[in-house]
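**Student:** Quick one: the structure is below, questions incoming.
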Amino acid sequence: MSNTLFEQLYENSKRLLKPSTDRLLPTIERGLSQLTIETEKITERVASRPTEADIHHAHRFLAYLGVDSQKATQTVSALDTSKTFELENPNDTDIESYIRNEQAKIIERLRKEYAVEIQPHVEDESKVQSEKRTENERTLLLSWKEKVVLPETALMTQKEKETMKNLLWHYTTLVNRFNKAMEEKKETLSIARDFSTLSPPSKKSSIEEKDAWDLILAYTEEEEGQKKKEDHQQQEKRTKYSEDSKEAISIRQRLTHCSKAWLEKQFRDHVNTMLLKNVGTLKAGGNPSMEHRLKVYIDLMINENSRWALENIETLAWARVYLLLRCGKPRIALRYATEQQAQFSAEPRFLHYFTQYIDSPDGRLSVTTREDILMDYHRFEFGSAPADPYKCLIYKIMGRCALRNQKIPAVIFSLEDYLWLQLTLVQEVSEDYELGRKVETYTLKDFVDELNKVNPTHFEANGGSWKYFVVLLCSLQFEKAIVCLYSHQETQIVAVHMAIALAYHGLLRLPSAPLQEDGSFLHQNRLNLAHLIFDYVHTYTPQKVADLVGYYDVLSMFAHKPAYRNIAKTLQQQLV
């Protein structure tokens with residue numbers, strides 16, 4: 001380092017601030033010339049090669065510390081550092097193959113570790129859980145068996161016993177045929193229709209049972225038609241819908257419409273039956289139109305049934321419009337109202353309202369139109385003069401008025417009329433908003449809540465167990481309907497087979513773990529079909545369970561659910 005550079009550094013250092021008086025390090029008291037001389041001496045010592053004496057001192061020092069300096073020297077001398085900093089181009093640049101090989105090695109290592117360290121513990125725990133689950137299932141099934149109530153056959157005549165025995169044999173044959181068809185994976189099975197053809201054990205209940213089977217067939221045929229429109233993936237999703245999903249709402253809308261259509265067909269059959277029964281006295285002529293048949297029917301009912309001879313009837317035209325709606329003929333009702341417009345002159349806007357109502361696919365009107373109808377309805381109900389009851393009912397239907405008022409209109413003469421009216425008023429989707437105004441809603445759940453407030457004995461007193469069963473079916477309470485029907489000994493046999501038919505078509509909600517639930521057949525609106533079948537088999541064939549294990553095999557239709565895959569085998573092994 002030159003003296004010039006030191007001199008420059010020295011001059012520059014004078015411009016710096018003076019060092020603080022509290023510095024810990026002492027100030028070097030050296031002049032520039034003295035620093036130069038000492039630096040040159042240090043340089044000479046460093047640059048000079050070590051002497052032999054220096055090397056001997058170094059070896060002794062290393063030996064004293066336990067270092068083999070000779071071996072270290074040989075090792076360092078053997079190192080080739082000529083290419084240490086040279087770039088090397090690798091020959092193999094297939095990184096993906098390298099990663100795959102490393103991944104395979106890691107997987108193999110993990111597999112071996114799992115087989116040695118983890119798998120034995122998992123298998124032991126699985127075995128313990130399986131044994132515990134088996135014991136729990138055995139205990140549960142024993143509790144189920146203790147609840148079995150054998151049928152009282154002591155009071156049955158020999159003929160009734162033979163009839164019941166024959167019926168059981170026919171049902172068993174159909175169930176075995178059904179299981180065979182499922183094994184062969186046939187796409188469409190007519191299990192509901194096959195069951196419905198069997199004769200009921202009692203002629204007294206044959207009509208009511210036939211009506212119930214007709215309603216079930218309407219539901220199952222509707223579901224079969226819908227499945228044909230869906231692919232396999234859509235059908236799988238249908239079982240996973242939540243209660244408030246759009247898909248669930250769509251299903252309820254379809255089935256509600258199906259209930260309403262069945263009630264309309266039933267009423268048309270009733271009208272035809274009454275006309276045929278009185279064909280000799282009515283002299284109705286040969287006009288087959290629905291308007292003419294209803295005109296004759298109204299005359300007949302007014303003459304023979306005092307309940308139809310109502311006061312305040314403005315014109316029978318209102319009654320005919322209502323009955324056409326009740327028969328499921330809205331277009332004919334609109335045509336009749338248009339042709340007989342003069343009959344409705346007291347309500348000049350009626351035809352305008354009625355046209356909008358009929359032309360709407362789901363009977364939905366604008367909020368403004370609905371409010372206008374509601375004003376007219378209030379005028380009829382609370383006016384100074386009583387209004388025509390049929391006119392009030394038509395306006396109630398069009399505008400969906402007084403939905404929460406459970407007062408039954410005077411012209412609702414039967415339970416079927418009441419069910420039809422409520423299903424007509426029900427709308428699952430409520431999106432009637434206009435300028436921030438929200439209209440009153442009435443869903444299927446609201447109807448069911450009102451229906452369940454009524455004691456079941458009220459329905460059964462007027463029509464037996466079948467009447468209440470149909471009420472529950474029409475309100476889509478399939479699970480509750482089956483349990484109520486099974487609670488009566490005389491209908492237990494048919495109840496189980498109706499449950500199988502509904503379950504096959506996906507109309508029953510079932511528990512995810514049927515062998516983990518005890519108590520009643522119905523839990524949280526889910527029917528434990530396994531428990532029901534178990535009870536049925538042990539009730540009606542206590543000595544011949546082995547002959548009817550096919551009923552357990554029915555549960556294999558739900559094999560896509562983990563809890564149902566081996567349930568038939570479990571039931572058979574435990575208590576058969």
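The values are calculated or read from the model by the stated rules, or taken from the named source; none is laboratory data. Model, not experiment: these values are computed from the prediction. No Cβ is skipped: glycine too gets one built from the backbone with ideal geometry, and neighbour counts run over all protein chains shown. Accessible surface areas use protein heavy atoms only, side chains included; no ligands, DNA or RNA. Shrake-Rupley method; radii C 1.70, N 1.55, O 1.52, S 1.80 Å.
**Student:** Using the structure shown, list the pairs from LYS407/LYS480; LYS161/LYS277; LYS277/LYS391 with a Cα-Cα distance above 27 Å, or answer none.
**Tutor:** Details: LYS407/LYS480 25 Å; LYS161/LYS277 35 Å; LYS277/LYS391 29 Å.
As for pairs spanning more than 27 Å Cα to Cα, those are LYS161/LYS277; LYS277/LYS391.
**Student:** Of ILE397, ILE107, ILE55, which has the most accessible area with a 1.4 Å probe, and how do the rest follow in descending order?
**Tutor:** Details: ILE397 5, ILE107 100, ILE55 70 Å².
Ranking ILE397, ILE107, ILE55 by accessible area, largest first, yields ILE107, ILE55, ILE397.
**Student:** Name the long-range amide H neighbours of HIS523: under 5 Å, sequence gap of 5 or more, or other chain; modelled H, no Pro or chain starts.
**Tutor:** Amide H neighbours of HIS523, under 5 Å, 5+ apart: ASN528.
**Student:** Order the peptides 403-411, 323-331 from the highest to the lowest mean number of other Cβ atoms within 10 Å of their residues. Spell out each step's value before the answer.
**Tutor:** Values: 403-411: 13.2, 323-331: 19.4.
Going from most to least packed, we get 323-331, 403-411.
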